[in-house]
Amino acid sequence: MKTTDAEAHLRILAVCWEGGGNVPPTLGAVRALAGRGHDVRLIADDTMRAEAIEAGARFLRWTRAPNRPDRSPESCFVRDWETADPLAGFQRGCERIFVGPAQSYAEDILEALATEPSDILLGSDLLFGSMLAGEIAKVPTALLASNISLWPLPGHPPFGPGFQPARSAADRARDTEVSARVEQVWDAFLPCLNAARAHFGAAPLAHVHEQRLSAGRHLLATSASFDFPTERLPDRVRYVGPLLEMPSWAHERWTAASAGEIRPLVLVSFSTTNQGQADVLQRVISGLAGEPVEVVLTLGKALEGLRLQSPANVTILANAAHDDILTKARAVVTHGGHGTIMRSLRHGVPLVVLPMGRDQNDNAARVDYHGAGLRLDPSAPAQMLGEAVRRVLCEPSFAERALALGHAIAEEGPGPARLVAEIENFAAGSSHRARPVHRKETEA
């Protein structure tokens, strides 16, 4: 990748919010851009200060917008584990982070842009305040999605329920109906977004989703090979590949069993954030207790104090890196977070996925679509969980397809380098500058 003088000195303002799985990809993007020689500032929650500086950014904190001082469950604004209804959890996210505080996020970003000009704003696909700030400041804006697209791509089912691509007229009708309902959920927050727009003198929108069209790029930190196939992508949408930054707290090392141990290793991992997963973790342990396997269960920062009852074949680690374990693992049991799935596939390890909300249903649907594992309901009994793991271990097709998918993802190229190339190319194209969206638009 050749660098011009202009490309080598981009001033980039990146934004992030403390949402758990979105943090490592953002830090990965910051590290790649700073390592390329660009001047990167990151405005984010106080939780990310040390990580941002270590990655090469100058750190700014949210002052008006929500700002978490730590990663404890108590400091979480969304607290989606308090409701069993995934839709209610999503509405909380819209109200408390995604759309509700759009004006506050935009004000903080605009202040940062006024203090120091930036050539590029690297916003978040979930922070509508970052999209609005780019539009108001007329700064070219790229949105980073830490996983699959929140907005369905052509031929894809709507985000959320974990549908497979439509194969029949009934499936297409289903997708149309659910898409309309999803738009209604988003548009319940339209008055709030339009109030923020009015505060800055911008015209109202007809739908919440139109705000994203003010950004010139939508960068997906996932793999086209992992995603459902699509005949075409909107010009603004680009796959850059997974950005698998290791969490700063993942320092605990796992020591392999003795050379005489021949039982297959199973990694169990259920998120770096609290989703009320204690019950499902205990059922997974119970389901694997009688199986001829060695289990390593990692908790993550927000769950490190969780107390679980474990048999002799289960090792529980509070803050462990997964790569060392995955080199030996034969199967992974997970909630379906994008980072865990991508790391598993990179090592060719098949999965048993028990999605608990957020993007996890849709990630699980893609694992199932590619035959790289099984999807189960998180309420599945212990016996069923044990049987699923046994099947993934015993049927060679799962490992074969996981390995093939991992190779396909690797062949697309490293995510950090691809992201840098997209940002530099975007900055070089004057026609991609942010523009107002004061009329209804549709993706071409």
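The values are calculated or read from the model by the stated rules, or taken from the named source; none is laboratory data. Treat the numbers as computed from the prediction; the structure is a model and nothing was measured. In this analysis, Cβ positions are derived from the backbone assuming ideal geometry, glycine residues included, and neighbour counts consider all displayed protein chains.
Any idea which of (1) assigned to a helix (DSSP H, G or I); (2) at pLDDT below 95; (3) not β-branched (Val, Ile, Thr) is the one ALA195 doesn't satisfy?
(2)
Just to check your reading of the model, which residue among VAL392, VAL420 is among the β-branched types (Val, Ile, Thr), touching a helix residue (DSSP H, G or I) at 6+ places or on another chain (Cβ under 8 Å), surrounded by 16 or more Cβ atoms within 10 Å (Cβ to Cβ) and closer than 25 Å to PRO229 by Cβ?
Going through VAL392, VAL420 in turn, just one is among the β-branched types (Val, Ile, Thr), touching a helix residue (DSSP H, G or I) at 6+ places or on another chain (Cβ under 8 Å), surrounded by 16 or more Cβ atoms within 10 Å (Cβ to Cβ) and closer than 25 Å to PRO229 by Cβ: VAL392.
What pairs come up if the first residue lies in the stretch 372-395 and is touching a residue at least 12 places away in the same chain (Cβ under 8 Å), the second is of a type in the set (Phe, Trp, Tyr), and their beta carbons are under 8 Å apart, counting only those six or more places apart or on different chains?
That search, which allows pairs on different chains as well, returns ALA372/PHE398; GLY373/PHE398; LEU374/PHE398; ARG391/PHE398; VAL392/PHE398.
Only one of THR327, THR340, THR334 is among the polar types (S, T, N, Q), more than 26 Å from PHE159 (Cβ to Cβ) and either in contact with a helix residue (DSSP H, G or I) (Cβ under 8 Å, 6 or more places away or on another chain) or not assigned by TED's automatic domain parsing to the domain that holds GLY28 (or both); which?
Values: THR340 fails: more than 26 Å from PHE159 (Cβ to Cβ); THR334 fails: more than 26 Å from PHE159 (Cβ to Cβ).
When all the criteria are applied, what remains is THR327.
Only one of GLU135, GLU107 is surrounded by fewer than 23 Cβ atoms within 10 Å (Cβ to Cβ) and in contact (Cβ under 8 Å) with a residue 40 or more places away in the chain; which? It would help to see each step written out before you state the result.
Details: GLU135 fails: surrounded by fewer than 23 Cβ atoms within 10 Å (Cβ to Cβ).
Checking each option against the conditions leaves just GLU107.
Yes/no per residue for (1) of a type outside the set (Gly, Ala, Ser); (2) touching a Gly at 6+ places or on another chain (Cβ under 9 Å):
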{"residue": "LEU87", "(1), (2)": "yes, yes"}
{"residue": "CYS94", "(1), (2)": "yes, yes"}
{"residue": "ILE109", "(1), (2)": "yes, yes"}
{"residue": "THR115", "(1), (2)": "yes, no"}
{"residue": "SER118", "(1), (2)": "no, no"}
{"residue": "ASP171", "(1), (2)": "yes, no"}
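Rundown of residues vs (1) assigned to a helix (DSSP H, G or I); (2) surrounded by fewer than 17 Cβ atoms within 10 Å (Cβ to Cβ); (3) polar (S, T, N, Q), yes/no style:
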site	(1), (2), (3)
CYS94	yes, no, no
GLU111	yes, yes, no
LEU122	no, no, no
PRO157	no, no, no
GLY160	no, no, no
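Results for (1) within 19 Å of the chain's Cα centre (by Cα); (2) under 18 Å from CYS16 (Cβ atoms); (3) aromatic (Phe, Trp, Tyr); (4) assigned by TED's automatic domain parsing to the domain that holds ALA50, shown as yes or no for each residue.
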site: GLU74; (1), (2), (3), (4): no, no, no, yes
site: THR83; (1), (2), (3), (4): no, no, no, yes
site: TYR105; (1), (2), (3), (4): no, yes, yes, yes
site: PRO117; (1), (2), (3), (4): no, no, no, yes
site: SER130; (1), (2), (3), (4): yes, yes, no, yes
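Among the residues of the stretch 60-92, which ones are among the charged types (D, E, K, R), crowded, with 18+ Cβ neighbours inside 10 Å and over 21 Å from MET48 (Cβ atoms)? Can you show your working first?
Let us first name the residues in the stretch 60-92 that are among the charged types (D, E, K, R), namely 61, 64, 68, 70-71, 74, 79-80, 82, 85, 92.
Those still in the list that are crowded, with 18+ Cβ neighbours inside 10 Å too: 68, 71, 80, 92.
Within the stretch 60-92, ARG92 is the sole residue that qualifies.
Can we say ALA169 is free of Cβ contacts under 8 Å to residues at least 60 places away in the same chain and farther than 23 Å from ASN147 by Cβ? Talk me through it step by step, then tell me what you get.
Numbers: free of Cβ contacts under 8 Å to residues at least 60 places away in the same chain: yes; farther than 23 Å from ASN147 by Cβ: yes.
Yes.
Going by the structure shown, is GLY134 on the phi > 0 side of the Ramachandran plot and touching a Pro at 6+ places or on another chain (Cβ under 8 Å)? Walk me through how you get there before you give the answer.
On the way: on the phi > 0 side of the Ramachandran plot: no; touching a Pro at 6+ places or on another chain (Cβ under 8 Å): yes.
No: the conditions fail for GLY134.
Please determine, by comparing only the residues of the stretch 98-109 that are in a helix (DSSP H, G or I) and among the aliphatic types (A, V, I, L, M), which one is nearest to PRO66 (Cα to Cα). Spell out how you get there, then give the answer.
Step one: filter the stretch 98-109 for residues in a helix (DSSP H, G or I), giving 98, 102-109.
From what's left, among the aliphatic types (A, V, I, L, M): 102, 106, 109.
Values: ALA102: 10, ALA106: 12, ILE109: 13 Å.
Checked the stretch 98-109; the qualifying residue nearest to PRO66 (Cα to Cα) is ALA102.
Would you say ALA133 is within 24 Å of LEU244 (Cα to Cα) and of a type in the set (A, V, I, L, M)?
Details: within 24 Å of LEU244 (Cα to Cα): no; of a type in the set (A, V, I, L, M): yes.
Judged against the criteria, ALA133 is not a match.
Please work out which one of (1) at pLDDT below 95; (2) within 21 Å of ILE148 (Cβ to Cβ); (3) touching a strand residue (DSSP E or B) at 6+ places or on another chain (Cβ under 6 Å) is the condition ALA434 fails and give its number.
So ALA434 meets the others, but not (2).
Identify all residues within the stretch 83-92 that are part of a helix (DSSP H, G or I) and of a type outside the set (Phe, Trp, Tyr); write none if there are none.
Keep residues of the stretch 83-92 that are part of a helix (DSSP H, G or I), which gives 86-92.
If the condition is that a residue be part of a helix (DSSP H, G or I) and of a type outside the set (Phe, Trp, Tyr), then PRO86, LEU87, ALA88, GLY89, GLN91, ARG92 are the ones that fit.
Name the residue that is farthest from the chain's Cα centre (by Cα), counting only residues in the stretch 136-182 that are β-branched (Val, Ile, Thr) and modelled with pLDDT of 95 or more. Lay out the reasoning, then the answer.
Going residue by residue through the stretch 136-182, those that are β-branched (Val, Ile, Thr) are 136, 139, 141, 148, 176, 178, 182.
Then drop every residue that is not modelled with pLDDT of 95 or more, which leaves 136, 139, 141, 148, 176, 178.
On the way: ILE136: 26, VAL139: 25, THR141: 19, ILE148: 7, THR176: 25, VAL178: 22 Å.
The residue in question is ILE136.
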